[in-house]
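Quick notes on the structure that follows.
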Amino acid sequence: MIGKKIILTGGTGGLGESIVKELIGRGAHVIVIGRNQQRLKSLSETYQNISVFQLDLGDKVQVRKFINDVQRDGQTFDGIVNNAGYGYFKSFEHHTDEDITDMFNVNVVHTLLLIKGLVPLLRPGASIVNIASQAARVTTPYGSVYAATKAALLSFSNALRLEHPELHIMTVSPGPIATNFFSRADKTGLYESTTKSIQLDKDALARDIVEAMIDKKLEVNRPGWMHQSLTVYHLAPRIIEKILRRFFLSKKF
């Protein structure tokens, strides 16, 4: 990764900063995109080989301005890691109109617009890494909108891979990660506490992601046992939903 220029969205959060550390530790220059100006300043003061841009991925105007700026600069890049995203664990009808629209904009629509604008600036063999979720592969009551956004991102990534064979396109589908994601998704704290024993370590996951970028892998699925279980689930999903109904309703509080 020495000398590689990588754009990273959502770089100020838990997994995002772990990816920053991993990329920089392997010699890459990271262009970090995030909303929180204070956190961006802290990152720029903590790490070398880093550039920061304050950008709200929920704002289409800001996304377009960033694309125009980098296109005008004539820079080229070796990769984009789309890590920005969030979700809510509540019933579908308890999502406000803004919840639904904003979540799709950040997790899918504006992420796709960013990719579309940056593809012409990617060098041959450059990586596009999209952080999806194991939730994209399973029926997820009380997390339906979040799961739908990640399913859309996963489906898009697989199609884009065939459209652009000159690029390395990889999806990352993690289960629960030990980060502050839950502080927004479930303010009761119950889901975080019940999944404590299976939460992924963010630094280990970041290491797996960067190593997979180097090895040009197509997917990173963690934890392995969850991915394998969901593969079995797809053989008879409706039957398994009935048998394990209590498990499927784990986000109902």
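The values are calculated or read from the model by the stated rules, or taken from the named source; none is laboratory data. Remember, it's a predicted structure, so these values are computed and weren't measured experimentally. In this analysis, Cβ positions are derived from the backbone assuming ideal geometry, glycine residues included, and neighbour counts consider all displayed protein chains.
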Please specify each residue of region 193-211 satisfying the condition of being touching a strand residue (DSSP E or B) at 6+ places or on another chain (Cβ under 9 Å) and basic (Lys, Arg).
Lys202
How many residues of region 1-42 are touching a Ser or Thr at 6+ places or on another chain (Cβ under 7 Å), surrounded by fewer than 18 Cβ atoms within 10 Å (Cβ to Cβ) and modelled with pLDDT of 95 or more? The answer is 0
Sort out for me the helices (runs of 4 or more DSSP H) sitting completely within region 202-249 that have 1 or more residues that are surrounded by 12 or more Cβ atoms within 10 Å (Cβ to Cβ) and modelled with pLDDT under 95.
224-233, 237-243, 245-248
Which of the residues belonging to region 140-186 are polar (S, T, N, Q) and in a loop (DSSP other than H, G, I, E, B)?
Thr140, Thr179, Asn180
Qualifying positions in region 49-77 - over 29 Å from Gly87 (Cα atoms), in contact with a Leu (Cβ under 9 Å, 6 or more places away or on another chain) and without any contact (Cβ under 8 Å) to a residue 40 or more places away in the chain:
Asn49, Gly74
Pull up region 55-99, narrow it to residues that are of a type in the set (D, E, K, R) and surrounded by 19 or more Cβ atoms within 10 Å (Cβ to Cβ), then point me to the one that is farthest from Lys116 (Cα to Cα).
Lys90
